[in-house]
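First the structure, in the form of structure tokens, and then the observations on it.
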Amino acid sequence: MDTHATEFSLSVLDLCPILAGGSAADAFRRSLDLARHAEGLGYNRFWVAEHHNMPGIASAATAVVIGHIAEGTSRIRVGSGGIMLLNHAPLVIAEQFATLEALYPGRIDLGLGRAPGTDQATMRVLRGNADASGENFPEKLDELRSFLESPSPEQRIRAVPGGIKIPIWLLGSGGFSAQLAGHLGLPFASAGHFSPDNILAGLELYRRSFRPSATIDEPFAMVGINVFAAETDNEATRLATSHLQAHLSLIRGVPIELPPPVDNIEEFVPDGLGNFPFLRSSIIGGPDTVRAKLRSLMEDTRADELMIHSMIFDHAARRRSYEIVMEVAGSGRP
């Protein structure tokens, strides 16, 4: 697993946003276009995330979307950020991702999360009577990893295809997955794009817990971050209001399709924007602002890779945001 090919890499997280008045088919076309654009710009990975019962997110069938993106690109790694392991039988995930790796060899990542990726009612439908506490996550992870290994002659149940090496990442916003990734010697991705207050503690726990493995011999940490980049700070702030509106609707229990940006965002946040968590977890600004904030983030986290999430309504502006990030960061630290 060549995780240290460069000092610092940039990658993309995409939720296949469905725009207000748009369709999932439109979302998939835009996601493929964005993946091709990111590949041309030099981004390292393009990951999509599992979410359910959210009208503004089209990536519920995550493995299917990964196949769509991988088929339409040629070099960029494609994977899950992440698959919610407790929602599925490990055998099914093993079969899906071994199939993807067989179709697109050397390009598939399997990022695994412990959260449900949805509301509690939908989680119960997904999991049926299965344990919903998350306490059996390590056991399910062991089972999944065993199915991806070459089967033994006496093994009665096996994944087909199987015996295919796929990089496994653990994703998390708290300490559980960080510590488990460290103990198992796996790469770790911090969900800083929605849990900024836990980034540093999680990374410290991961590095302190790390044990070398056959996968990697030293810690490898990626940090997810929302970035809204434009030609000016004001325009970037306006672009970010689409995601902010959708985020506010989600935490109020009424998820929506991604709305167009607005100029009066203060009216949507009665308590004021000052301490709103979404803004603490986001880099919003023109090139100089983005460069300075990326530099600060890298200094604070010492991350090996950043995964950029830019949920912007206008597709051309979204493409441009990723261009600006790559321009100010280049191939090394900003």
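The values are calculated or read from the model by the stated rules, or taken from the named source; none is laboratory data. Nothing here was measured: the structure is a model prediction, and the numbers come from that model. Neighbour counts run over all protein chains shown; Cβ positions are idealised from the backbone, glycine included.
Observations on the model:
- Considering only residues in segment 158-186 that are among the β-branched types (V, I, T) and within 19 Å of W47 (Cα to Cα), the one that is farthest from the chain's Cα centre (by Cα) turns out to be I166.
- Residue within segment 215-226 that is more than 29 Å from P105 (Cα to Cα) and part of a strand (DSSP E or B) present: yes
- Answer residue from segment 172-208, given it is aliphatic (A, V, I, L, M) and not in a helix (DSSP H, G or I) and is nearest to L244 (Cα to Cα) among those: A191
- Checked across segment 95-105, the condition of being small (G, A, S) and crowded, with 24+ Cβ neighbours inside 10 Å holds for no residue.
- Within segment 17-46, tally of residues that are of a type in the set (K, R) and over 20 Å from S242 (Cα atoms): 2
- Residue count for segment 211-234, restricted to those that are in contact with a strand residue (DSSP E or B) (Cβ under 9 Å, 6 or more places away or on another chain) and either of a type in the set (D, E) or more than 30 Å from R319 (Cα to Cα) (or both): 3
- One residue alone among V262, V290 is outside any strand (DSSP E or B), of a type in the set (A, V, I, L, M, F, W, C) and at pLDDT below 95, and that residue is V262.
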